[in-house]
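Trainee: Okay, handing you the structure first.
The values are calculated or read from the model by the stated rules, or taken from the named source; none is laboratory data. Owing to the predicted nature of the structure, the values given are computational and were not obtained by experimental measurement. Using ideal geometry, Cβ is built from the backbone for each residue, glycine included, and neighbour counts are taken over all protein chains shown.
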């Protein structure tokens, strides 16, 4: 395989795909519980954790290759933020492979970012262009995790985001082939989880999916920001496992 990943435990397979400000370490609390009842697969996407950037790749293609490599034919997939978008692409490409999806604060196609999110991205890019990676990292910690997060969660986010910058910034221009998302073909149950303290873009994405998926369920967490599995790990685990 060309991406790094862990597989632990035995039982029904569950794939956990990390957010775009994190890596597979964001799932560590959930993995410790799930490994007793499930086969848990946690990859690092390109440019995160232990997976280097490549000039040309497909995150969704990498996920599908990983599942084929593991000879899995049915899997539950959980994706946080950008990881949820990658899961949508992979499931749109191979819907027969996925028995259930859980999309946590995930973007989707056909929804435009809100002004506040665009402003944050602009500030982040300006800091990176100025060479102030530390400030860009702190900006992530300040804006991408909700008020329920403790110091340990914030420290982990800081470590993961800094690692992503260290891998991605020197890589310059890369091409990630994205597959089209076709919600109407995702006939498996899909749970959409949003946070009341998150950016409007992600709430709007969940609303769009709610209106286009055959079998959606939407849960809004009044306490959550963008990364509820880091903010309240135990409660978020139950939301992942609970059947709709």
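Trainee: Looking only at region 74-127, how many residues end up being within 15 Å of the chain's Cα centre (by Cα) and not in a loop (DSSP other than H, G, I, E, B)?
Mentor: Selection size over region 74-127: 19.
Trainee: Taking the conditions exactly as written (without any contact (Cβ under 8 Å) to a residue 60 or more places away in the chain, surrounded by 13 or more Cβ atoms within 10 Å (Cβ to Cβ), assigned to a helix (DSSP H, G or I) and over 17 Å from the mean Cα position of the chain (by Cα)), does residue 203 satisfy them or not?
Mentor: No, not satisfied.
Trainee: Next question, about the same structure. Would you please name the residue that is farthest from the chain's Cα centre (by Cα), looking only at residues in region 18-47 that are closer than 20 Å to residue 152 by Cα, surrounded by 18 or more Cβ atoms within 10 Å (Cβ to Cβ) and without any contact (Cβ under 8 Å) to a residue 40 or more places away in the chain?
Mentor: 31
Trainee: With the requirement that a residue be surrounded by 15 or more Cβ atoms within 10 Å (Cβ to Cβ) and touching a strand residue (DSSP E or B) at 6+ places or on another chain (Cβ under 6 Å), what does region 154-175 give you?
Mentor: Once the filter is applied, which keeps residues that are surrounded by 15 or more Cβ atoms within 10 Å (Cβ to Cβ) and touching a strand residue (DSSP E or B) at 6+ places or on another chain (Cβ under 6 Å), region 154-175 yields only 164.
Trainee: Here is a follow-up. Condition first: touching a strand residue (DSSP E or B) at 6+ places or on another chain (Cβ under 7 Å) and crowded, with 18+ Cβ neighbours inside 10 Å. Now tell me which residues in region 48-62 satisfy that.
Mentor: Result: 57, 58, 59.
Trainee: Further question: Within the bounds of region 82-92, is there any residue that is surrounded by fewer than 20 Cβ atoms within 10 Å (Cβ to Cβ) and either on the phi < 0 side of the Ramachandran plot or modelled with pLDDT under 95 (or both)?
Mentor: Looking for residues that are surrounded by fewer than 20 Cβ atoms within 10 Å (Cβ to Cβ) and either on the phi < 0 side of the Ramachandran plot or modelled with pLDDT under 95 (or both), one finds at least one in region 82-92, hence yes.
Trainee: I need a count of the residues in region 139-153 that are free of Cβ contacts under 8 Å to residues at least 60 places away in the same chain and either farther than 20 Å from residue 82 by Cβ or surrounded by fewer than 16 Cβ atoms within 10 Å (Cβ to Cβ) (or both).
Mentor: Going through region 139-153 one residue at a time, the tally reaches 4.
Trainee: Can you pull out every residue in region 4-25 that is assigned to a helix (DSSP H, G or I) and more than 20 Å from residue 101 (Cβ to Cβ)?
Mentor: First pass over region 4-25, keeping only residues assigned to a helix (DSSP H, G or I): 24-25.
Listed by number, the list holds a single entry, 25.
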